[in-house]
Amino acid sequence: MSTELGRVEDLPPDYYNGLRSRNMMPLWPSLRAALPFDMPSRRTKPALWRYRQEVRPDLMRAGELTPIEKAERRVLVLCNPGLGLDELKATPTIYIGLQLILPGESAPNHKHTPSAVRFVVEGKGGYTVVRGEKLPMHRGDLILTPPGMWHEHGHDGNEPVVWLDALDLPLVYGVEASYCVDGHKSQVITDPLNSSAVRFAQGGVVPYATLNRPRGDYPMLRFAWNNVRSTLVELARVTPLGQAVHLAYVNPETGRECMPTLGFSAIMLRPGEEVRLPRRSSSAVFHVVEGGGSAAIDGEVLTFEEADTLAAPTHATIVLSNASKTAPAFLFMVDDAPMQRKLGFHEVFDR
Ligand SMILES: [Fe+2]
């Protein structure tokens, strides 16, 4: 295959400009950029957003500057500098926003085509209603709001609540399919006890009736952090050192990813541990739930603390290290592997 492809400058200007005037372009000058050999070209940079020093003060200031009526969603979007800030992308497919809800504030009932999840960063008293089920939001909980499913947020507490929104918005917007529908009135809460989290609280066992009906797409909408954390601690006891202690959030009825395009998982780094993740074709975002350390992403070392967020491009080498010799560190991870698997090109590399 030729590596010396013709350039635009090689063409007579009248021919090239004529093509353009008729809404055509020659492929060969841009073929190699669109389809490079062996490795995709990536604009996404390894990136770090510091919560305590940077994101939180700016978010609290947004609470003073902009009343909720003027913002609808009071969100600061984490934008990857390699992709351009106006693109609102942490990676090519993943949108990450940090949302502030002050006591008494709410987000009215609505639904949209992008998939969304919330991961609670701080504050007590927030809740989300999805499909009539009231889902409490404690620190570290993962709440699913699947595409096309009605949801609304509220806050019964008396302190600021901050959560991380992760959406496949860049993907859905990119295919010109992103839109939202206003529900006009609140949902009737038919399930105040968050029964889906109770039904699937224990791995390996499910309510018997599950076996006699078609598999649901979203049988479980909230994954409590205290369950995930304690399962990681148990998993660490049977996982060799240096091998990632890594749990995937799944649909408990199918065992597959719990959302269609984005994957969610949690990693525990044992005291002093360094873990090299298998290199994957998916892009990823990490949010630090507990502890501190460093992430070497394509060789760039980023030092993280609790509540910081990091982004990694597709095909990146990622080495995570726990800085503490005595305490574990926990990270929540978002990736676009489910989308890549469905499109048939997701890869995990040996090195
Ligand atoms: Fe929403």
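The values are calculated or read from the model by the stated rules, or taken from the named source; none is laboratory data. From a predicted model like this one, the values you see are computed outputs, not experimental measurements. Every residue, glycine among them, receives a Cβ derived from its backbone with ideal geometry; neighbour counts consider all protein chains shown. Ligands, DNA and RNA are excluded from the accessible area calculation, which covers all protein heavy atoms including side chains. Shrake-Rupley method; radii C 1.70, N 1.55, O 1.52, S 1.80 Å.
Which of Cys79, Cys180, Cys258 ends up with the largest GNM mean-square fluctuation for the chain, with Cα atoms connected below 10 Å?
Cys180
Run through segment 116-222 and list the trypsin sites (Lys or Arg not before Pro) located in a DSSP loop whose Cβ has at most 13 other Cβ atoms within 10 Å.
For trypsin sites (Lys or Arg not before Pro) across segment 116-222 that sit outside H, G, I, E and B with at most 13 neighbouring Cβ atoms in 10 Å, the list reads Lys185, Arg215.
At 1.4 Å probe size, with no ligands or nucleic acids counted, give the accessible surface of Leu262 in Å², nearest ten.
10 Å²
Order the following by accessible area, largest value first: Ser21, Ser195. Probe radius 1.4 Å; ligands, DNA and RNA are ignored.
Sorted by accessible area, descending: Ser21, Ser195.
Between the DSSP loop rule and a limit of at most 10 other Cβ atoms within 10 Å, which trypsin sites (Lys or Arg not before Pro) in segment 1-74 are left?
Arg22
What nm value, rounded to one decimal, do you get for the distance between Glu176 and Glu9 when each label is placed 7 Å out toward the C-beta?
3.5 nm
Just read off the accessible area of Thr309 with the full protein assembly in place, 1.4 Å probe, to the nearest 10 Å².
Thr309 has an accessible surface of roughly 0 Å² with all protein chains in place.
Compute the signed sum of charges (Lys and Arg +1, Asp and Glu -1) over the other residues within less than 11 Å, Cβ to Cβ, of Asp298.
+2
Just the number, please: carbon plus sulfur as a percent of the accessible area of segment 47-343, 1.4 Å probe, no ligands or DNA/RNA counted.
Reported share for carbon and sulfur atoms: 54 percent.
If each residue of separation counts as 0.36 nm, what is the full-extension length gain between Leu241 and Ala33 once their alpha-carbon separation is subtracted?
Once the chain is fully extended between Leu241 and Ala33, it gains 70.8 nm.
How do His346, His315 rank by accessible surface area computed with a 1.4 Å probe, from largest to smallest?
If we order His346, His315 from most to least accessible, we get His346, His315.
Quick one: dipole size for segment 107-171, taken about the Cα centre, charges +1 on Lys/Arg Cβ and -1 on Asp/Glu Cβ, in debye to the nearest 20.
140 debye
List the pairs from Lys111/Lys342; Lys89/Lys134; Lys124/Lys342; Lys134/Lys325; Lys45/Lys185; Lys70/Lys342 whose alpha-carbon separation is above 32 Å, in the order I gave them.
Checking Cα-Cα distances, Lys124/Lys342; Lys134/Lys325; Lys45/Lys185; Lys70/Lys342 exceed 32 Å.
Could you work out the relative contact order of the chain, using alpha carbon pairs under 8 angstrom and six or more residues apart, expressed as a whole percent?
Rounded, it is 16 percent for the chain.
Leaving ligands and nucleic acids out of the surface, order Glu305, Glu9 by accessible area at 1.4 Å, largest first.
So the residues, ranked largest to smallest area, are Glu9, Glu305.
Give the calculated FRET efficiency between Tyr16 and Asp58 to the nearest 0.05, with a Förster radius of 35 Å applied to their Cβ-Cβ distance.
FRET efficiency, Tyr16 to Asp58: 0.15.
What length, rounded to one decimal in nm, is gained on full extension from Ala323 through to Val348, with 0.36 nm per residue of separation minus their alpha-carbon distance?
6.3 nm
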